[in-house]
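Starting off with a structure, shown below.
Every number in this text was worked out from the coordinates using simple rules, so none of it is lab data. Computed from a predicted model, the values in this text were never measured in an experiment. Cβ coordinates were reconstructed from backbone atoms using ideal geometry, including for glycine residues, and neighbour counts include every protein chain displayed.
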Amino acid sequence: MGTLWHPFSDMAAVRDHEFVVDHADGVWVYDEAGRRYLDGCASLWYANVGHGRTEIVEAATTQMAKLEAYSCFADIANRPALELADRLSALAPTGPDTKVFFGSGGADAIDTAVKLARGYWQARGEHQRVHVVSRETGYHGTHGYGTSIVGIPANREGWGVLAGENTVAPQDLEGVEKVFADVGPERIAAFVMEPITGAGGVHIPPPGYVEGVAELCRQHGVLLVIDAVICGFGRLGTWFGVERFGVQPDLVTFAKGVTSGYLPLGGVLVSSQVAEPWWTTPGERQLRHGPTYSGHPTCCAAGLATLDIYERENLIPRGQQLEAALQAALAPLVDHPYVAEVRSGFGLLAAVELTPEVLSSVPDAPNALLRGAREAGVLVRGLGKGVAVSPPLTVEDDEIRLLGEAIRAGLDALP
Ligand code: PLP
């Protein structure tokens, strides 16, 4: 009789049929029987430096033995949090003197970013700027604000009243312009978007979309929040993904790849302009927001060791260098009669979408495909209409080919 409740899972089906992962090394994951699988999804889009990195384990255990945890509230700090903030600030696409606020993952980073954006406008006296616009198919975690602004209807529905005033905009620029006009741009606090949406199906925006939204935000003084939780740390070949579009956001949320998942950590990069109301005049204003584990020293030590690996092995550009190989491995799957579309070619992430016929005739078809690919030795991630592929940045060409072969085997095995 199972008791572990799995996220985003049909527990009535999953109970007592779990696939138990035992250990992992590099791009390979092993089950309890010792069978190995290629990690085609970097777990949940986060194992960017691969598994079994002893230097991250050592950095975390050394820090844990010295000072496992201590809060960063008020004037208290710890060296790993101070150093990691400085290093991320130096890499940030949000301009000079970027401030860094830490939490425990992507969803609390989103809550923090939206509250900062709204708080900024309150501090500036523009009290009407409370509306948040986000993007269709965008995913921003499952906390209060992430649930409220998510662009995946099934995640937003069924909870009753949600947080704030929000609108999900379509994925074309005209649609965003219309939303701005309908809401009234002077009422919009922030636009939140992933450069490429991940969990919502890996949708690469039309050319000019990200740049156009950034320009629209600039024209109307709306803050641009880039959710780099998936697109960051090399997934698109740059530190925060957004650099590939040449735009400068006001806030950036990050998580996952910052520690490659070795320990839970996330946070927000905040431009000096947005931080200004809280950072200038002593006694004037205090941010009434902060999770217990903000600046957790052991998690930050794991983050520092992870950044060392990205830099030493020059892994960040690989997200772009390998995008053509991933596309070459997956694009031919579009010939398969069960495949509606393959979305790839921008960064080391992709999706294979099933046809409406398969989705309606095969019960839980995405997870059936996932299990078929697993039988063929590759782990992928189930999405609403297919599977996602996002291997570690350390993956090699022959392993990328294996991804395509295993997904084809999974497609062939569908009933
Ligand atoms: N934002 C994006 C783009 C994500 O993909 C995710 C998680 O997948 C989140 C936010 C939420 O992060 P977490 O699950 O760490 O709370």
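How many percent of DSSP beta bridges within the stretch 56-312 run antiparallel, rounded to 5? Walk me through the numbers before you get to the answer.
Numbers: 10 of 25 bridges.
Counting only bridges with both partners in the stretch 56-312, antiparallel ones make up about 40 percent.
Using a Cα-Cα cut-off of under 22 Å, which lysines could be cross-linked to K256, ignoring same-chain neighbours fewer than 8 residues away?
List returned: K99, K115.
If I take R0 = 56 Å and measure r between the Cβ atoms of D182 and W5 in this structure, what FRET efficiency does the formula 1/(1 + (r/R0)^6) give, to the nearest 0.05?
Values: r = 40 Å, r/R0 = 0.71.
Efficiency, from the Cβ-Cβ distance: 0.90.
Under a point spin-label approximation (7 Å from Cα along Cα-to-Cβ), what is the A163-E32 distance to one decimal in nm?
3.7
May I ask you to evaluate 6.51 cos²θ - 1.76 cosθ + 1.60, the Karplus curve with θ = phi - 60°, for each residue of the stretch 321-330 and list the ³J(HN,Hα) values in order in whole Hz, giving x for glycine and proline?
Along the stretch 321-330, the couplings run 4, 9, 5, 5, 5, 5, 4, 4, 6, 9 Hz.
Let me ask something else about it. Using a Gaussian network model of the chain with C-alpha springs under 10 Å, which one of W159, W45, W239 is most mobile by mean-square fluctuation?
Maximum fluctuation in the GNM of the chain, among the listed residues, is at W159.
Name the residues whose placed amide hydrogens come within less than 5 Å of the amide hydrogen of T197, ignoring near sequence neighbours (fewer than 5 apart) on the same chain.
Under 5 Å from the amide H of T197 lie the amide H atoms of H203, each far enough along the sequence or on another chain.
Rank Q321, L263, F180 by how far each Cα sits towards the positive end of the charge dipole of the stretch 178-322 (+1 on Lys, Arg Cβ; -1 on Asp, Glu Cβ) and give me just the farthest.
About the Cα centre, the residue reaching furthest to the positive side is L263.
Additional query: How large is ³J(HN,Hα), in whole Hz, for each residue of the stretch 370-385 in order, when computed from phi with the Karplus curve 6.51 cos²θ - 1.76 cosθ + 1.60 and θ = phi - 60°, using x for Gly and Pro?
Per-residue couplings from phi come out as 4, 5, x, 5, 5, 4, 8, x, 9, 9, 10, 10, x, 10, x, 10 Hz.
Expressed in nm to one decimal, what extension gain is obtained for the pair R288 and E357 from 0.36 nm per residue of sequence separation less their Cα-Cα distance?
Details: separation 69, 0.36 × 69 = 24.84 nm, distance 5.05 nm.
The span from R288 to E357 would gain 19.8 nm if fully extended.
Could you grab the relative contact order for the chain? Cα pairs under 8 Å, six or more apart, rounded to a whole percent. Display every interim value, and only then the final one.
On the way: 865 pairs, mean separation 88.1, N = 415.
Computed value for the chain: 21 percent relative contact order.
Report the extension gain between H17 and T281 in nm, rounded to one decimal, defined as 0.36 nm multiplied by the number of residues separating them, less their alpha carbon distance. Provide the component values of the computation, followed by the final result.
On the way: separation 264, 0.36 × 264 = 95.04 nm, distance 5.76 nm.
Value of the extension gain: 89.3 nm.
In whole Hz and in residue order, list the ³J(HN,Hα) couplings for the stretch 65-75 that follow from phi through the Karplus curve 6.51 cos²θ - 1.76 cosθ + 1.60, θ = phi - 60°; x for Gly and Pro.
5, 7, 7, 5, 7, 7, 5, 10, 5, 6, 9
Right, another one. Which listed residue (V202, F101, V150) has the Cα farthest towards the positive end of the charge dipole for the stretch 56-312, taking +1 on Lys and Arg C-beta and -1 on Asp and Glu C-beta about the Cα centre?
Ranked along the dipole, the leading option is F101.
Taking H as built 1.01 Å from N, whose amide H comes closer than 5 Å to the amide H of V168, not counting residues under 5 places away?
Here S134 satisfy the definition.
Same structure, new question: In the chain, which longest range has no trypsin sites (Lys or Arg not before Pro) that are both DSSP loop (not H, G, I, E or B) and surrounded by at most 14 other Cβ atoms within 10 Å?
Working: sites that count: R35, R124, R285, R288.
Of all site-free stretches, the longest is 125-284.
How would the chain be classified by its alpha-carbon gyration tensor: rounded, prolate or oblate, with rounded meaning a/c under 1.5 and the a/b versus b/c comparison settling the rest? Kindly include the intermediate steps, with their values, before the conclusion.
Values: a/c = 1.73, a/b = 1.28, b/c = 1.36.
Verdict is oblate for the chain.
Using just the helices of the chain, give the 222 nm mean residue ellipticity in deg cm²/dmol: DSSP H runs with n ≥ 4 each add -39,500 (n - 2.57), and the total is spread over all residues, rounded to 500. Walk me through the numbers before you get to the answer.
Numbers: 16 runs with 155 residues, N = 415.
About -11000 deg cm²/dmol.
What is the sum of charges around Y145, taking Lys and Arg as +1, Asp and Glu as -1, for the other residues whose C-beta is under 13 Å from the C-beta of Y145? Could the numbers behind the result be given before it?
Values: positive: K115, R118, R156; negative: D108, D111, E165, D227.
Combined, the nearby Lys, Arg, Asp and Glu give -1.
If the only charges are +1 at each Lys and Arg Cβ and -1 at each Asp and Glu Cβ, what is the size of the charge dipole of the stretch 56-312 around the Cα centre, to the nearest 20 debye?
Working: 19 positive and 27 negative charges, 71 e Å.
The calculated dipole for the stretch 56-312 is roughly 340 debye.
For the stretch 334-374, max minus min Cα coordinate along each principal axis, in Å, sorted largest first?
Here the Cα extents, ordered largest to smallest, are 31, 21, 13 Å.
A further question follows. Over 17 Å apart: what share of the alpha carbon pairs of the stretch 15-108 falls there, rounded to a whole percent?
On the way: 3005 of 4371 pairs.
When all Cα pairs of the stretch 15-108 are counted, 69 percent exceed 17 Å.
Pull up all non-local amide H partners of G266: gap of 5 or more, or a different chain, and H-to-H distance under 5 Å with H placed in the peptide plane.
Answer set, sorted by chain and number: G103, S104, G105.
With r as the distance between the Cβ atoms of R156 and E126 and R0 = 22 Å, compute the FRET efficiency 1/(1 + (r/R0)^6) and round to 0.05.
Numbers: r = 27 Å, r/R0 = 1.22.
The computed FRET efficiency comes out at 0.25.
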